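Take a look at the structure below.
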Amino acid sequence: MLLDAATLSRITGLKLRARAVVEGVLSGLHKSPNQGQSVEFAEHKEYAPGDEIRHLDWKAYGKFDKYYVKRYEHETNLRSVMVVDTSGSMGFGTTGLSKLDVGRIMAATLSHLLIRQQDAAGVALVAQGRFAEIPPRSSAGHLGAVMDALESAVPSGLTDLAMTADALAEKLPRRSLVCVFSDFFDDHQDALKRILALRSRKHDVALFHLVDKAELEFPYDDPTLFTSMEDGRHVEVNPREIRASYLEEFNRFLDATRDACRAADCDYERVRTDEPIDEVLLRFLGRRGGKL
Amino acid sequence: MTFGQPWFLLGMLAAFIPLLVHLFDRRRPREVPFAALDFVLRSQRRTASRLKLKRLLLYLLRTLVLLAIPIALARPSFATQDLAAARRGVAATAIVLDTSLALRWEGRTRLFEVAKDEARAALRNLAPEEPATVVICSRTPTSVAPVGFERARLVNAIEDATPGYEAVDLNRCLEVAARSLDDSPLPNRRLVLVSALTQSSLRLESSPPLGAGLKGEKVKPEFVVRDVAKGKELPNRALVDVHAEAAPQLGPRAWQFTFTVRNFSKEAARDVELLLEVDGEVVQKGFVDLAAEGTAQKTLSWKFAKGGVTTVTGRLEADALPEDDAHSVVLSVPRALTALVINGSPSPQKYKDEAFFTEAALAATGSPVRAVLRDADAAWREKLSDYDVVLLLNVEAPPAEAADRLAEFVNAGGGLFVSVGDRVDPDAWNQSMGGVLPRKLRVIKTAVEPGQGDADTRAARLTQVALNHPVMVPFTGRAREGLLSTRFYRYALFEGDAQGVETEVLGTMDDGAPVFLSARRGKGRVFVFCSTVDRDWSDLPIRTSFLPLMQRIAGWLTGTLDEREEIRAKVGESVTLKPDPNQSPAWARAGSGAEVALTALPQGDGVTGGPMPEPGPYLVVDAKGATLEKLGFAVSIDAGASNLSRHSLDALSDWLGEESVRTSGSGGPESSTPLWTWLITLAVIAFFFEGLLLRK
């Protein structure tokens, strides 16, 4: 059963919310996402006291008459980072869940799924001047740290996706899945380009564009004083007079974002905060062939 | 501009409401944190100028609605006479409605309809306390009801009015209207003239009429002129005359019609179509070119297939006033006549034969008469009823049996012509034909022996000719002189009139002896010539007048001469007809069915009736409803009425002095839709657009 935003909003605690969504997603996939693991030889090392005896390479001792220890690398299928925008605008929500709520539920759910299939999942909470990171790990105990970090996120400050992109490019050493949960309200003109530029570094980039129903429909009639959620700006307008123009501008922005993602070969998912999250994730996973 | 309910104008203060709302409506807007504020700001910047214009338009439309509604409720009008009334106080009012031919002029709307609207508007604009009357100005204005407050009666009088076919005397109507106001107890008088202001109906030479004040003093009323033509010219062309005459050169029963067309407009017209209609059927077509304010004539001819009474109409290509584009005449086309010519003195030598000249005259080209020649002995065996007329040329007195047949023939409607000569014995003729002849023969008188040297100078001559007789009508001018120069060497003298017998003498000698005598006997006619129709006793046969004279005598004897050609009646005039004794005309019936009673004139001078109400052919019927075909006639429109030249408004202002002159084109109450309706419509439209702007 898919969970709508209203139902989900009544569940307290991110862990419960994430688990509820995960179950929905798994029941929707009908297939275990567990891909298994493999152990791969990495190098030899001269034996030193304290090394595991069982890793001694007896064939090498026979050849060289010295003790060598085999070192192995435990290969995971995927490293992933859930980048959640925690700017002030993400705190906007008119359907029970704010955009940040939806973003972190989705991030938690995906993390849950990844760690469940023994992939590494990390999280980065970003805003202007903030980059709080939980590095990717695949251990089951790591999920708790991810959940805690997500749950502690508070919407404030300006959006700064350009800085986020630069930080990710620096911190991610090899191919990773980067999932960005944001409304992309960034004044920086190149912010989106720089996020999408991660794709050129072989990262798998997926953008989750979080949009509230009120932003899509602009359902205001009476003269209203609109205030900014990131800075002190405000404007008094008659919404009826500008509705057509607003909707035109906003839809153009949504389309431009989507087109930019497609052009950069990145996954793009527009997420309405009032639609069932598991449905969104199923749509996303379905587009990727049921795999992360 | 005046207002019927001025208190409603206070409602115009509501027009300030939008402004006050704009100035003082400072409701605290709801504060809403919004994530996509950048898009709101961008949209506001983008729509700012358009919104400003929209708000301005909204403000204007709302103000317009709030202004238009109270003004409409106040019932505004542009009636200047109301201003005058307000200035001079209430006034007794007489509305003069022009019904002249000009009001039939039809542009987009017939002027008379405009005139009625104007009259109704003038009535409507009167204050309730103003008494009024209406004068329908026809040719002869009828008596006018005294001024009163019965508006419905006046409206009915306007509704019942119809335009005429002639010019009217507006000066006279204004005088009548002014007098009708004399009994009013109000000190002020007002005359409202609703007219096309044509010069033919309104004369500015005489001064405007004055009314009598409360103490009998002369008072100049206030004048308000409503020009139904709205200051425009009324171009018109008219077929003002048709002259019909026989055209024997073109064959028997051929006639030619000369149409006179006048162009009263200031623009020339080319190739104006002119149709010739016979009994309603178009038989000929022609075109005329008309100079500006010029006159042109066009002649069309037509050969009638048979004789009888025929209505011929000339019809001009219709213009804005089609009523004067047609002109009718009623003709009596001579029917083919058969004449029995009885030659009393035949001769193998043509020129000495008694009937030679007469037969030649009757058989001339275009003559409707077919002559059958017989000598006296053979003639009496003929069946007289087969002939229309019998000509006895120097015949011995008919035997008793033949005389009886001749008398019977005449009484039954036949025509008898008698010329004398050496075979005529007065006593014998008197004995056998005395009852038929107009007068009895007395003796044969010889003025001079023919052939004598001085015969031409001593011969007797005609001195007087009755030109009013149908036979003699053509002999005017040089034709008359030619007839009067006829020499008579020998001629018959007649007895005086017998008692109770009416004889017409159509010509007399210098000694007073009758030359031509005519009389009616029963239904027939008798014509006697006192001399010979060959050259023995007179040189008349070789005169140019002989041929038409003989043809007309034959025509008159058979009753086919069109005596009614002379009836050239105009609309509004009376018509006098001269019926045969056995006819008793009672009504003249117009094409529209309108009937005019005909009354007998004293002393049997015919019947008269009128005025004729409309142009066109009229049928004459007797009391039993039978049509008297030969008495039919046509009535035409007077050319003066077709002249629609108008007085200028300046000239009218000068004539009326300082009084107001206004036209119906100024958007006043003459408009069929009142002003308040337009204001309400404007308000609704403004309201609609306001809603449209709000929806956007």
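The values are calculated or read from the model by the stated rules, or taken from the named source; none is laboratory data. This one's a predicted model, so the numbers in the text were calculated from it and none came from an experiment. Cβ sites come from the backbone with ideal geometry, for glycine too, and all protein chains shown count toward neighbours. Surface accessibility is based on the protein's heavy atoms, side chains included, excluding ligands, DNA and RNA. Shrake-Rupley method; radii C 1.70, N 1.55, O 1.52, S 1.80 Å.
Please note which strands (runs of 3 or more DSSP E) are completely contained in the range B:570-618 and include at least 2 residues that are open to solvent by 70 Å² or more (accessible area, probe 1.4 Å).
Filter on the range B:570-618 gives B:585-589.
Which condition does A:S9 not pass, out of (1) modelled with pLDDT of 65 or more; (2) in the same structural domain as A:L125 (by TED's automatic domain parsing), if it passes all the others?
Exception for A:S9: condition (1).
Return a yes/no flag: does the range B:651-662 have any residue that is loosely packed, with under 14 Cβ neighbours inside 10 Å, modelled with pLDDT under 85, out of contact with any helix residue (DSSP H, G or I) (no Cβ under 6 Å at 6 or more places or on another chain) and not in a helix (DSSP H, G or I).
Yes.
Only one residue in A:D186, A:D190, A:D222 is farther than 30 Å from A:S80 by Cα, in contact with a helix residue (DSSP H, G or I) (Cβ under 8 Å, 6 or more places away or on another chain) and at pLDDT below 90, so which one is that?
A:D222
Hey, can you tell me all the residues within the range B:512-548 that are part of a helix (DSSP H, G or I) and out of contact with any Lys or Arg (no Cβ under 7 Å at 6 or more places or on another chain)?
B:L540, B:F546, B:L547, B:P548, listed by residue number.
Kindly establish whether A:D65 is among the charged types (D, E, K, R) and more than 14 Å from chain B (Cβ to nearest Cβ).
Against the criterion (among the charged types (D, E, K, R) and more than 14 Å from chain B (Cβ to nearest Cβ)), A:D65 qualifies.
Take residues that are within 8 Å of another protein chain (Cβ to nearest Cβ), on the phi < 0 side of the Ramachandran plot and over 17 Å from the mean Cα position of the chain (by Cα) and tell me which of the strands (runs of 3 or more DSSP E) falling wholly in the range A:194-292 contain 1 or more.
A:224-227, A:234-237
Filter the range B:324-359 down to residues that are surrounded by fewer than 20 Cβ atoms within 10 Å (Cβ to Cβ) and in contact (Cβ under 8 Å) with a residue 12 or more places away in the chain, then give me how many there are.
Summing the residues that are surrounded by fewer than 20 Cβ atoms within 10 Å (Cβ to Cβ) and in contact (Cβ under 8 Å) with a residue 12 or more places away in the chain in the range B:324-359 gives 7.
Out of curiosity, is B:D539 surrounded by fewer than 23 Cβ atoms within 10 Å (Cβ to Cβ), among the charged types (D, E, K, R) and either under 19 Å from B:S345 (Cα atoms) or more than 33 Å from the chain's Cα centre (by Cα) (or both)?
Spelling it out, B:D539 is indeed surrounded by fewer than 23 Cβ atoms within 10 Å (Cβ to Cβ), among the charged types (D, E, K, R) and either under 19 Å from B:S345 (Cα atoms) or more than 33 Å from the chain's Cα centre (by Cα) (or both).
Would you check which residues across the range B:216-274 are touching a helix residue (DSSP H, G or I) at 6+ places or on another chain (Cβ under 8 Å), of a type in the set (F, W, Y) and part of a strand (DSSP E or B) and list them?
Hit for the range B:216-274 is B:F223, nothing else.
What number of residues within the range B:387-435 are assigned to a loop (DSSP other than H, G, I, E, B), modelled with pLDDT of 90 or more and open to solvent by less than 20 Å² (accessible area, probe 1.4 Å)?
Here the count works out to 7.
Return the residue satisfying two criteria in turn: it lies in the range B:275-310 and is at pLDDT 90 or above, assigned to a loop (DSSP other than H, G, I, E, B) and not hydrophobic (A, V, I, L, M, F, W, C), and of such residues it is least open to solvent (accessible area, probe 1.4 Å).
Once the filter is applied, the top-ranked residue is B:G294.
Just to be sure, is B:L204 closer than 30 Å to B:T310 by Cβ and among the aliphatic types (A, V, I, L, M)?
No: the conditions fail for B:L204.
Can you name the number of the only condition in (1) in contact with an Asp or Glu (Cβ under 7 Å, 6 or more places away or on another chain); (2) part of a helix (DSSP H, G or I); (3) facing another protein chain (nearest Cβ under 7 Å) that B:A35 fails?
Every condition holds for B:A35 apart from (2).
Being within 7 Å of chain A (Cβ to nearest Cβ), in a helix (DSSP H, G or I), open to solvent by 20 Å² or more (accessible area, probe 1.4 Å) and under 30 Å from A:L158 (Cβ atoms): is that true of B:L41 here?
For B:L41, the condition - within 7 Å of chain A (Cβ to nearest Cβ), in a helix (DSSP H, G or I), open to solvent by 20 Å² or more (accessible area, probe 1.4 Å) and under 30 Å from A:L158 (Cβ atoms) - is met.
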